[in-house]
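Single-structure report; data block below.
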Amino acid sequence: MPKWLKLTLGVFAVLFAVAGAAYYWFVVESSMPSDAEYAFDIRDVRRAIGSTPGDRPERIELERVAAFSFPATAIVAGDGWSQREMPVYSFRLVYPDKSIIIDTALDAELGGDNLVAFDEEAYARMNRAMEEASLIVITHEHMDHIGGLTVHPNLAAILPNAQLTERQLSEPARSLPARFEEGVLDGFEPLAYEGFTVIAPGVALIAAPGHTPGSQMVYVQLKNYAEYLFVGDVAWQYRNILTQRQRARLVTQFFLNEDRKAVFGQLAALHALSEAEPDIAIVPGHDGEIVGQLVEAGKLTEGFTLAAD
C-alpha cells in the first residue's frame, strides 16, 4: 500500500474515532455522577403544610397552551432522533375563594417558528385566570414558563400577586426572548427563601436550582390530601426520572447552560421519592402522556373554569 494512502486512511481513522467519541459524549452519555446530591425530605414539607391554617385547594385545572417538538435524545440522552412532542402547560389551583397559577406558558410571538401548536383560546383563558389569581408562581424563568406573565396586557395590575424569586430575576438573559419592559420591576420585592417555603394553605415552593438559577418545584396538597409535585424542567418528561438520565450534554452545555450535576441530584431524589411515595403525582414540565394519565384518573381537570364562564 502506498505511504500516502496509509497516511490518508490513518487520518480518516483518527477523525472517525474523534467524531465518534464526541458524538457519544455530547449526545448519548448520561451517567449519574457519584457525587450528585440534592437535599430533599417530603416529610418536612408535609409538616409545614400541616401546620399552616386555612382551606387547601379543591382541585387542579390545566391549560395546554402550546407545544414544541424536540428530538428524543435532546430530552433523554441516547433515546434517538425521533421527534417527541413537548406540550407547554399552565396550571390553576382552585380554592373555595381564590386561585393560584403555576406557570404562565408563552404567547405565539415568543414561541415563533419553534412552536408546532398554539391554542389561542387556552392562552386567552390563562390570561384571564392570571387577572383573577391571588398568586402567580413559576417553576423557573425560561420563556415557556414566565413568558405569559411578561407580556400580559395588564401586567401592572397582576404583578403584585406574582411570587417571583430573587434567583428567578437574577439573570434576565435566561428568560430571553421573554423580558420585562424596562422599569416594570421597579419597587417589586422578590421572594427570598432557602430550602422550601409555604406560600398558601396546601402549597409550598421547593428550591431546585440547576436547570436555571431560579428553578423550583411546587408541592400541592389538596383538601382530600391528594399530593402533587410540579417539578418544572428539572425533568422535561417522566422518563428522565424513571431512567435517571439527563438531557443530552449538547443541549445542557451549549443551549441551556445548566448545572448538570445539580439536576442529576434532583433526578435521583425524585426517583427515590417516586419509589417511596408512589401516590404522589409527579408532574414534569412537558410530559403529555403523564398529564393525560392524570386527567384520565380525575387528578387533573382540563380547562380553566373562570368566574365569567
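Residue check: THR52 meets all listed conditions (1) within 20 Å of the chain's Cα centre (by Cα); (2) not in a helix (DSSP H, G or I) but one, namely (1). Among the criteria (1) of a type in the set (A, V, I, L, M, F, W, C); (2) in a loop (DSSP other than H, G, I, E, B); (3) free of Cβ contacts under 8 Å to residues at least 24 places away in the same chain, the one PHE255 does not fulfil is (2). If you go through the range 195-210 and pick out every residue that is over 24 Å from ALA36 (Cα atoms) and either free of Cβ contacts under 8 Å to residues at least 12 places away in the same chain or in a loop (DSSP other than H, G, I, E, B) (or both), you end up with 2. Is it the case, given these coordinates, that LEU250 is outside any strand (DSSP E or B) and more than 21 Å from PHE26 (Cα to Cα)? The answer is no for LEU250.
Applying the condition of being of a type in the set (S, T, N, Q) and part of a strand (DSSP E or B) to the range 63-110 and asking which residue is nearest to the chain's Cα centre (by Cα) yields SER90. Being modelled with pLDDT of 95 or more, assigned to a loop (DSSP other than H, G, I, E, B) and β-branched (Val, Ile, Thr) is a property that VAL234 has.
Of all residues being acidic (Asp, Glu) and closer than 21 Å to TYR95 by Cβ in the range 259-309, which is nearest to the chain's Cα centre (by Cα)? Just the residue, please.
That would be GLU302.
The residues of the range 223-243 that are of a type in the set (S, T, N, Q) and surrounded by fewer than 19 Cβ atoms within 10 Å (Cβ to Cβ), listed by number, are ASN224, THR243. When the range 16-73 is filtered for residues that are under 30 Å from ALA204 (Cβ atoms) and aliphatic (A, V, I, L, M), the ones remaining, listed by number, are MET32, ALA36, ALA39, ILE42, VAL45, ALA48, ILE49, ILE60, LEU62, VAL65, ALA66, ALA67. Answer with yes or no whether ARG249 is touching a helix residue (DSSP H, G or I) at 6+ places or on another chain (Cβ under 9 Å), over 24 Å from ARG43 (Cα atoms), modelled with pLDDT under 95 and of a type in the set (D, E, K, R). So ARG249 passes the test.
What about GLU289, is it more than 25 Å from VAL116 (Cα to Cα), touching a residue at least 40 places away in the same chain (Cβ under 8 Å) and acidic (Asp, Glu)?
On the way: more than 25 Å from VAL116 (Cα to Cα): no; touching a residue at least 40 places away in the same chain (Cβ under 8 Å): yes; acidic (Asp, Glu): yes.
No.
If the condition is being free of Cβ contacts under 8 Å to residues at least 60 places away in the same chain, not acidic (Asp, Glu) and not in a helix (DSSP H, G or I), then the range 111-137 contributes LEU115, VAL116, ALA117, PHE118, ALA133, ILE136.
Condition first: surrounded by 24 or more Cβ atoms within 10 Å (Cβ to Cβ) and among the polar types (S, T, N, Q). Can you find one or more residues in the range 204-215 that meet it? Checked the range 204-215: at least one residue is surrounded by 24 or more Cβ atoms within 10 Å (Cβ to Cβ) and among the polar types (S, T, N, Q).
Is it true that PRO213 is part of a loop (DSSP other than H, G, I, E, B) and touching a Ser or Thr at 6+ places or on another chain (Cβ under 6 Å)?
Working: part of a loop (DSSP other than H, G, I, E, B): yes; touching a Ser or Thr at 6+ places or on another chain (Cβ under 6 Å): yes.
Considered against the rule, which asks whether it is part of a loop (DSSP other than H, G, I, E, B) and touching a Ser or Thr at 6+ places or on another chain (Cβ under 6 Å), PRO213 comes out as yes.
Applying the condition of being within 20 Å of MET217 (Cα to Cα) and charged (D, E, K, R) to the range 277-300 and asking which residue is surrounded by the most Cβ atoms within 10 Å (Cβ to Cβ) yields ASP287. Restricting attention to the range 44-63, does a residue exist that is touching a residue at least 40 places away in the same chain (Cβ under 8 Å), closer than 30 Å to TYR24 by Cα and buried (at least 20 other Cβ atoms within 10 Å of the Cβ)? No: zero hits. Comparison of PRO153, PRO160 shows that the only residue that is outside any helix (DSSP H, G or I), out of contact with any Leu (no Cβ under 9 Å at 6 or more places or on another chain) and free of Cβ contacts under 8 Å to residues at least 40 places away in the same chain is PRO153.
The values are calculated or read from the model by the stated rules, or taken from the named source; none is laboratory data. Quick caveat, the model's predicted, so the values are computed rather than measured. Ideal geometry is used to build each Cβ from the backbone, glycine not excepted, and the neighbour counts take in all protein chains shown.
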